[in-house]
Each structure stands twice: as C-alpha cells, then as structure tokens.
Amino acid sequence: MNSVGASVWNLMKEPKTVAEIRDAILGEYDVDQERCERDLMFLLEQLRSEGLIEVRPRATAESAG
C-alpha cells in the first residue's frame, strides 16, 4: 500500500464518509478532485471486496430518530 493508501487506512480508524476521506486526502496531497475520487473509490472497493472494510449507507435524520 502506498502512502496515500496508508493515509486512507488511518483515516478509517473511525467511521467516515467517502467525502470526509476525500477532503482529507485533497488537503494532504497535490491531486485534482476527479482523480482523487476515482482512485479513492477504486481503493475502497478493493478493501471492501477483501472484507477489510464495511460500507454502510449514511444514516439520515429521518431513519435515525
């Protein structure tokens, strides 16, 4: 795993939205948003398919209460 992948892994120690992870990566690395989103989604799919992460729909105020 490269340094960006390691950063993503560290960010996921606590539940985060994809947007939160993307924004953190954009703030830390010199990469355009489109490429960041594409690469992040690819990495997250790899981690999910290996059973290393769980992807859950974001809870809405309606469903939470």
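The values are calculated or read from the model by the stated rules, or taken from the named source; none is laboratory data. Because the structure is predicted, anything quoted here is derived from the model rather than measured. FYI the Cβ positions are ideal-geometry reconstructions off the backbone, even for glycines, and counts take in every protein chain you see. Only protein heavy atoms, including side chains, enter the accessible area calculation; ligands, DNA and RNA are left aside. Shrake-Rupley method; radii C 1.70, N 1.55, O 1.52, S 1.80 Å.
Please give the charge dipole size of the chain, origin at the Cα centre, charges +1 on K and R Cβ atoms and -1 on D and E Cβ atoms. Round to the nearest 20 debye. All intermediate terms of the calculation are to be shown ahead of the outcome.
Details: 8 positive and 13 negative charges, 45 e Å.
It comes to approximately 220 debye.
Along Cα→Cβ, 7 Å out, is where each label goes; now give me the distance between the ones at Arg56 and Leu26 in nm to one decimal.
In this crude label model, Arg56 to Leu26 measures out at 2.6 nm.
Read phi for every residue in the stretch 19-27 and hand back ³J(HN,Hα) as whole Hz from Karplus 6.51 cos²θ - 1.76 cosθ + 1.60, θ = phi - 60°, with x for Gly and Pro.
Each residue's phi maps through the Karplus curve to give 4, 5, 5, 4, 5, 5, 5, 4, x Hz.
What do you reckon, how do Arg56, Arg35 stack up by accessible area (1.4 Å probe), largest on top? Walk me through the numbers on the way to the answer.
On the way: Arg56 165, Arg35 120 Å².
These residues rank, largest area first, as Arg56, Arg35.
Residues of the chain: accessible area per residue at 1.4 Å, in Å²? The partial results should precede the final answer.
Working: 5250 Å² over 65 residues.
Accessible surface, normalised per residue, equals 81 Å².
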